[in-house]
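**Student:** To start, I am sharing the structure in question, which I have written as structure tokens.
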Ligand SMILES: Cc1cc2nc3c(=O)[nH]c(=O)nc-3n(C[C@H](O)[C@H](O)[C@H](O)COP(=O)(O)OP(=O)(O)OC[C@H]3O[C@@H](n4cnc5c(N)ncnc54)[C@H](O)[C@@H]3O)c2cc1C
């Protein structure tokens, strides 16, 4: 028994299931794999990027609905597990304290624990990665991934596992390396997106 997965990493609009299926059939044919029977067929769409939920608000969220999906990889599980204690501590601190912290201060503490300003800025960097991928043609995508995985593992590990956190990381560390990398593939109107990126990074600081 074999689990087969055909994926479109990111596209706008989302790739139709018919197209995904066509690609899977072509891939299987190319690999010389003949399917005898299908036990189960699963379809899935993971919304990537987009705005964060309104912060703070009365309803608390964790997982996909808290904006935690990595905008350029679709990963979520490890990140959510890492954030859960932060959220639990904020809630326990407020509800468990003799000061009985409730209402707005509680929502602020919980949401800002999940999404401090620095993490919102870092998310913008990841979102930039997603927007960048959307602009590449096949040739550009191949060159991009060759260059990306040609970086020292420390950098792409950090990017893929959402480990970049502080603004200094963005300035001097791995995220900056990734940013530099963004300039490599051809036919890309850099100035436009770079300006948007800078605005994207500064805006949450101003409005945080
Ligand atoms: C094929 C595939 C491979 C993936 N691989 C990875 C990977 O390698 N790494 C990674 O990090 N992520 C991966 N993901 C993404 C990750 O699995 C999902 O993003 C994650 O499971 C979402 O978790 P969640 O808790 O936010 O939502 P869900 O897992 O969708 O949980 C939401 C729950 O809420 C329930 N629910 C919905 N509406 C209501 C309602 N009104 N009342 C009560 N309950 C409700 C649902 O039944 C569900 O149980 C993958 C996803 C797919 C489909």
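What follows is calculated from the coordinates using simple rules that are stated; it is not laboratory data. Keep in mind it's a predicted model, so treat the numbers as computed, not measured. For neighbour counting, all protein chains shown are included, and Cβ atoms are generated from backbone atoms with ideal geometry for every residue, glycine included.
**Student:** Which parts of region 1-17 would a label at residue 36 reach, counting a residue when its backbone N lies under 20 Å from a point 7 Å out along Cα-to-Cβ?
**Tutor:** What the label zone holds, given the 20 Å backbone N cut-off, is 1-5.
**Student:** How do 64-71, 153-160 rank on mean C-beta neighbours within 10 Å, highest first? Walk me through the numbers on the way to the answer.
**Tutor:** Numbers: 64-71: 18.6, 153-160: 15.9.
Ranked from most to least packed, the peptides come out as 64-71, 153-160.
**Student:** Quick check: residue separation of residue 58 and residue 17 times 0.36 nm, minus the Cα distance between them. What number comes out in nm? List each step's numbers first, then the result.
**Tutor:** Working: separation 41, 0.36 × 41 = 14.76 nm, distance 3.62 nm.
Computed gain between residue 58 and residue 17 is 11.1 nm.
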